Amino acid sequence: MFNHRYEETMQAFSKGDLGNEVVDIQLKLSTLGYNLGLNGADGCFGELTEAAVKAFQHRRGLTITGIVNKGTWKALVEATYKLGDRFLYLRSPFFRGDDVRELQTSLNTIGFNTGKVDGIYGETTERALREFQRNFGLTSDGIFGPTTLTAIRNLRHLLADKVSRIFPDPHRDQASAISIFQSKKIAIELDMREQADAGRDDPARGEINRELGMRLGNLLELLGAHVFYLGHNESATPTGFDQDIELSIGFMLNTATNSKSRGSTVVYCCSLGETEEHGQILAASVQEELIRCLGTQDLGVAPSEIDSRITGTAPAILIKPLFFTNSKEKAQLDQEVFRQKIAVAAFDGIKNYLQLL
C-alpha cells in the first residue's frame with residue numbers, strides 16, 4: 001500500500017512526479033470529487049492534480065503548496081473514510097477521519113454529546129457512543145460497527161431535521177472513567193498463569209494472551225491510569241514498586257482435552273483476608289461484563305493458585321475469556337474487533353469494581 005511506502009521514505013510528491021504513489025494520490029482526490037481531467041488517475045502529477053491538491057489543502061486548512069507531504073497524505077486518507085468503512089473504538093493513537101466526524105455529528109444531533117466535532121475518536125466520543133448504545137438496547141462497548149451503524153441509520157428522520165434532542169443517561173451521575181482511573185497503579189502481567197498450567201506453553205496462545213493484556217493496558221492508560229507491563233521483555237521496574245500496585249491483571253486462554261469445552265471464567269488469587277475478598281469481587285465484576293459483552297457461557301469465578309510477579313497486597317485476577325482448544329471460540333479470536341471486545345469487557349469490569357470502593 002502507498003501509505004506504508006510513503007511513511008518509510010518520507011518522500012513528498014509534487015508536479016512532475018510519476019508513479020504508483022501518484023496514482024494513489026489521484027484516486028483519493030477523485031474519490032473526494034476533485035477534477036483530474038479526462039486522463040483521471042494516470043500516475044502523472046500534472047497541473048490538474050496540483051490544482052486539486054491545492055484545493056484540498058485549502059478546504060482542510062492546510063498550508064497551500066500543491067505538494068503532497070506526510071501531513072497532506074494523512075489528511076487525504078482521513079478524508080476518504082466514510083461511516084461504516086471500518087470499526088471504530090478507543091485506542092492509541094486515536095482513530096481520525098471523516099467517518100469519525102460524521103459519527104460525532106450524528107450523535108450530537110440525536111442528543112449524545114461528543115464535544116467538539118473534530119474527527120478524533122477520543123474518550124468523550126466513546127462515552128457518547130456508549131450512552132447511545134445503552135439507550136437503544138445495544139451492547140454498550142463503545143465499539144462502532146455494523147449493528148450500531150444500522151441503529152443510527154434507522155434514526156435518519158431525526159438526523160434530517162437537525163433538532164437537538166437529549167436522551168437521559170442512567171449512568172451520567174457516576175464518576176467519569178477518567179476520574180476513576182486517574183493515577184491508579186495497575187499491573188498488567190503479560191505471562192500470568194495458574195500454577196496448574198505450568199509447562200503447557202503454546203506460542204500462539206501466549207501471544208494472544210499478551211495482546212489482550214496490551215489492549216487492556218492501552219485503554220487504562222488512555223483513561224489516566226499508570227500501567228506497569230510485567231513479563232515478556234518488560235522494562236526494569238524500581239525496587240518495591242509492587243507495594244504500590246492497586247490491581248494486578250492477566251489473561252490466559254483456557255484449554256481442555258474436550259474440544260467442545262467453551263465459556264468464560266475469571267480466577268482470583270488465593271490469599272488470606274481482605275485481599276482475597278477484593279479479588280473475588282473484582283473477578284465477579286469482570287466476569288459479569290465478559291458474559292454481557294461476549295455472550296459466552298458463564299463458567300463463574302473461582303479461587304486459584306496464580307503465579308503473580310506482584311508481592312504486595314493487590315488483588316490479582318486471571319481472565320480466561322475463551323477456550324483456545326475450541327475451534328469456534330479460537331476462530332473468534334482471529335477477529336480484531338472481538339479481541340477488542342474482550343479488552344473492553346475487562347476494562348468495564350475493572351471500572352465497575354473501582355466504583356464500588
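Tabulated data
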{"item": "Long-range HN-HN contacts of residue 192 with modeled amide H, under 5 Å", "result": "251"}
{"item": "Accessible area of the chain belonging to carbon and sulfur atoms, whole % at 1.4 Å probe", "result": "50 percent"}
{"item": "Debye, to nearest 20: dipole size of the chain, +1 on Lys, Arg Cβ, -1 on Asp, Glu Cβ", "result": "1240 debye"}
{"item": "Residue 105 versus residue 311: modelled label distance in nm, points set 7 Å from Cα along the beta carbon direction", "result": "5.8 nm"}
{"item": "Highest-first arrangement of 343-350, 206-213, where packing means the average Cβ count within 10 Å", "result": "343-350, 206-213"}
{"item": "Pairwise label distance in nanometres, residue 150 with residue 207, each label 7 Å out on the Cα-Cβ vector", "result": "3.3 nm"}
{"item": "Inter-centroid distance (Cα atoms) of the range 21-37 relative to the range 94-116, Å", "result": "26 Å"}
{"item": "Length added when fully stretched, residue 85-residue 331, from 0.36 nm per residue minus Cα-Cα", "result": "86.3 nm"}
{"item": "Three semi-axes of the equivalent ellipsoid, the range 267-319, Cα gyration tensor, whole Å, largest first", "result": "22, 10, 9"}
{"item": "Mean projected area in nm² (Cα convex hull; one quarter of hull surface) for the range 1-158", "result": "10.2 nm²"}
{"item": "With eigenvalues of the C-alpha gyration tensor scaled by 5 and rooted, the chain, Å", "result": "43, 25, 19"}
{"item": "Computed E for residue 38/residue 302 - FRET, C-beta separation, R0 56 angstrom, nearest 0.05", "result": "0.20"}
{"item": "Sequence-distant residues sharing a close amide H with residue 229 (under 5 Å, placed H)", "result": "188"}
{"item": "Those residues of the range 312-335 whose amide nitrogen sits under 15 Å from the label point placed on residue 258, 7 Å along Cα→Cβ", "result": "323-327"}
{"item": "Assigned charges on the beta-carbon of Lys, Arg, Asp, Glu; the range 236-357 dipole about Cα centre (debye)", "result": "640 debye"}
{"item": "For the chain: accessible area per residue (Å², 1.4 Å)", "result": "48 Å²"}
{"item": "Two-decimal Rg/Rh across the range 246-357, once Rg and the Kirkwood Rh are taken from alpha-carbon atoms", "result": "0.97"}
{"item": "Kirkwood hydrodynamic radius over Cα pairs of the range 73-150, then Stokes diffusion coefficient at 25 °C and 0.890 mPa s, in µm²/s", "result": "200 µm²/s"}
{"item": "Candidate aspartates and glutamates for bridging to residue 15, where Cα separation is under 12 Å - those fewer than 8 sequence places away on the same chain excluded", "result": "47, 50"}
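The values are calculated or read from the model by the stated rules, or taken from the named source; none is laboratory data. Everything numeric here is computed off the predicted structure, so don't read it as measured data. Quick reminder, even Gly has a Cβ in these numbers, built from the backbone with ideal geometry, and neighbours come from all protein chains shown. Accessible surface areas use protein heavy atoms only, side chains included; no ligands, DNA or RNA. Shrake-Rupley method; radii C 1.70, N 1.55, O 1.52, S 1.80 Å.
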